[in-house]
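Participant: Here it is, the structure in full.
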Amino acid sequence: MSTAHSERAHAYLSASGSKRWLSCPPSAKLEQEFPESTSDFAREGTCAHELSELYLQRYLELINKATFTRRHNKFKKDNAEFYSQEMEDYVQVYVDFVIERINAARAASSDAVILLEQRLDFSEWVPKGFGTGDVVIISDNIMEIIDLKYGKGVPVSAEDNSQMRMYALGAINQFGVLYEFDRVQMTIVQPRLDSISTDEISTDDLLFWADDFVKPRADMAIAGEGEFAAGEHCRFCRARFTCRARADANLEMAKLEFQKPDLLSFDEIGEVLAKAEELQKWAKDVQGYALDQAENHGVKFPGWKLVEGRSNRKYTDEQLVAQALLAEGYEEEKIYSKSLYGISAMEKAIGKKVFVEVLKDLVIKPVGKPTLVPESDKRPELNSTESAIADFS
Ligand code: SF4
């Protein structure tokens, strides 16, 4: 069954939020006190999904050429706010990848099953749990799940990814009795970050994880029980602004208990850097929440007041400004400066493909400023053999 993108329902214990409620079970109940919100990024992602489904439906001949063209035109009209040549290009990267996987599956077994926008029900382990898998492919002893993530914020790894595993559980639940497979491959494609990440697990290991870890945690989450636990997963929690457990964890973290007086050691500085990042995120969340409450709900926080921010002067009407100055006898060169679109705006205007074809020798990527990042970051360390190889290639 295919689910309309904009109507994708969210379960109380959703697959996309599973990292959070598995790590902090009572967050599921606490979140209910806060309204759900959507963003332009989410809507843009929904559009990209719709567009990719259209191309894949056409490739699989689920729709004919005329229907494709009609729907494509309608899509462009309905989504003018987000649609661009850039979106077409990025969606194509994902579609090409999926087609490659479909062909590989068909080569391995002629009766390979390909499902688009499949509702996947994992309620056997998670009460009322379901999600929507973008692409599910079942062939010769393996089931593959592919997920498009259109955002360009942070790379998401498929490794140990609970959202992908939930989808896999749903697919095992639905298709395990109909088809033979003992392995599941899960892939996340993020075309705007040039990232494709894959993980594989046996169905036995996955089911063990589901029975042993997911089910008890889901039961706790439904009952609003278990320990609050702050961490990376707080980032998308609706309670993150005022959650006491997160505040306590951050304030505790801020209490740096150093052993020696006078000067910090390098080890201690490393510790401060690691904590500073999380503290900054938390402080920003609290500041954003407080501003919204003060501005939109009249809340007064003791010791704080709402004032008008600093602003820069701007013209009321550029044309009238130019007319006034030209009438005063100023020449055009004196009052106008022409500039080329920036890289991202140009890429958006002409499309990634043309951008690469025509401008590939005219765009450079200057060496970035050295930045300190956690060791887990995928970029090679500066002055290392790895970075020398990367520079060379
Ligand atoms: S903000 Fe973090 S600690 Fe608080 S409920 Fe949400 S996930 Fe749990």
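Participant: So what's the gap between the Cα centers of region 295-326 and region 42-110, to the nearest angstrom?
Facilitator: Going from one Cα centre to the other spans 42 Å.
Participant: For T132, what residues show an amide H to amide H distance below 5 Å, using hydrogens built from the backbone and excluding near sequence neighbours?
Facilitator: L120
Participant: Tell me the carbon and sulfur percent of the accessible area for the chain, rounded to whole percent, probe radius 1.4 Å.
Facilitator: Whole-percent figure for carbon plus sulfur exposure: 53.
Participant: I've got another one for you. Just the accessible area for H49, please: 1.4 Å probe, Å², rounded to the nearest 10?
Facilitator: 20 Å²
Participant: Rule-of-thumb check for region 250-337: C-alpha Rg over 2.2 N^0.38 Å?
Facilitator: That ratio works out to 2.08.
Participant: Say we join alpha carbon atoms closer than 10 Å with springs in a Gaussian network model of the chain; which of A230, A294, A48 then has the biggest fluctuation?
Facilitator: Taking springs between Cα atoms under 10 Å, the residue moving most is A294.
Participant: Could you give the length gained on full extension between F301 and L359, defined as 0.36 nm per residue of separation minus the Cα-Cα distance, in nm?
Facilitator: 15.6 nm
Participant: Given a 10 angstrom Cα cut-off, can you work out which residue in E375, E159, E100 is the most mobile in a GNM of the chain?
Facilitator: Maximum among the listed residues: E375.
Participant: Further question: Compute the FRET efficiency between E308 and F213 as 1/(1 + (r/R0)^6), taking r as their Cβ-Cβ distance and R0 = 41 Å, and round to the nearest 0.05.
Facilitator: The value I calculate is 0.20.
Participant: If I build a Gaussian network model for the chain, linking alpha-carbon pairs within less than 10 angstrom, which residue out of L291, L54, L340 has the largest mean-square fluctuation?
Facilitator: Its mean-square fluctuation being the largest, the pick is L340.
Participant: Can I ask one more? Hey, can you find the accessible area per residue of the chain for me, probe 1.4 Å, expressed in square angstrom?
Facilitator: Value returned for the chain: 66 Å² of accessible area per residue.
Participant: Please figure out what share of the DSSP beta bridges in the chain is antiparallel and state it in percent, rounded to the nearest 5.
Facilitator: Percentage antiparallel, nearest 5: 75.
Participant: Still on this structure: Taking the Cβ of E31 as the center, what net charge do the other residues with Cβ under 11 Å away carry, scoring Lys and Arg +1 and Asp and Glu -1?
Facilitator: Net of charged neighbours comes to +2.
Participant: First measure r as the distance between the Cβ atoms of K378 and F34, then evaluate 1/(1 + (r/R0)^6) with R0 = 25 Å and state the FRET efficiency to the nearest 0.05.
Facilitator: So the FRET efficiency works out to roughly 0.15.
Participant: From the C-alpha gyration tensor of the chain, pull out the three semi-axes of the equivalent ellipsoid (sqrt of 5λ each), sorted largest to smallest, in whole Å.
Facilitator: The three semi-axes for the chain are 39, 34, 25 Å.
Participant: Ok, one more. Quick one: what are the phi-derived ³J(HN,Hα) couplings along region 114-125, Karplus 6.51/-1.76/1.60 with θ = phi - 60°, whole Hz, x for glycine and proline?
Facilitator: Couplings: 10, 10, 10, 6, 8, 6, 10, 9, 10, 5, 5, 10 Hz.
Participant: Moving on. For region 203-210, what does the Karplus curve 6.51 cos²θ - 1.76 cosθ + 1.60, with θ = phi - 60°, yield as ³J(HN,Hα) per residue in whole Hz, taken in order and with x for Gly and Pro?
Facilitator: 4, 4, 5, 5, 5, 5, 4, 5
Participant: Would you list the membrane-span-like helices of the chain, meaning whole DSSP H runs whose alpha-carbon atoms span at least 18 Å along their axis and whose mean Kyte-Doolittle value is at least 0.0?
Facilitator: Once both thresholds are applied, what remains is 162-175.
Participant: Also, quick follow-up: Would you kindly state how much longer the chain becomes between D267 and A290 on full extension, computed as 0.36 nm times their sequence separation minus their alpha carbon distance, in nm to one decimal?
Facilitator: 4.8 nm
Participant: Can you pull out the trypsin sites (Lys or Arg not before Pro) in region 168-271 whose DSSP state is coil and whose Cβ has at most 11 other Cβ atoms within 10 Å?
Facilitator: Here the trypsin sites (Lys or Arg not before Pro) that fit, given the DSSP loop and packing criteria, are K255.
Participant: How much mean residue ellipticity at 222 nm does the chain get from its helices, if each DSSP H run of length 4 or more adds -39500 (n - 2.57) and you divide by all residues, to the nearest 500 deg cm²/dmol?
Facilitator: It lands at -14000 deg cm²/dmol.
Participant: If ligands, DNA and RNA are left out, what is the accessible area of V307 with a 1.4 Å probe, given in Å² to the nearest 10?
Facilitator: 100 Å²
Participant: For an R0 of 35 angstrom, estimate the FRET efficiency from the Cβ-Cβ distance between A108 and N64 and round to the nearest 0.05.
Facilitator: 0.80
Participant: Further, regarding this structure: I want to check the label-to-label distance for L340 and E100. Put each point 7 Å from Cα in the C-beta direction and report it in nm to one decimal.
Facilitator: Between L340 and E100, the label points sit 3.1 nm apart.
Participant: Expressed as a rounded percentage, what relative contact order does the chain have, with Cα pairs under 8 Å and six or more residues apart?
Facilitator: Once divided by the residue count of the chain, the mean separation gives 19 percent.
Participant: Starting from 0.36 nm per residue, how many nanometres of slack lie between K128 and D205 once their C-alpha separation is accounted for?
Facilitator: Full extension from K128 to D205 adds 25.5 nm.
Participant: Going by amide H atoms built from the backbone, whose H comes under 5 Å of the H on R183, apart from near neighbours?
Facilitator: M143, T203
Participant: Please compare each pair in K152/K348; K19/K281; K152/K360; K19/K149 to a cut-off of 20 Å on the Cα-Cα distance and tell me which ones are over it.
Facilitator: K152/K360
The values are calculated or read from the model by the stated rules, or taken from the named source; none is laboratory data. Everything numeric in this text was worked out from a predicted model, so none of it was measured. Every residue, glycine as well, gets a Cβ built from its backbone with ideal geometry; the counts of neighbours run over all protein chains shown. Keep in mind that these areas ignore ligands, DNA and RNA; they rest on the heavy atoms of the full protein, side chains included. Shrake-Rupley method; radii C 1.70, N 1.55, O 1.52, S 1.80 Å.
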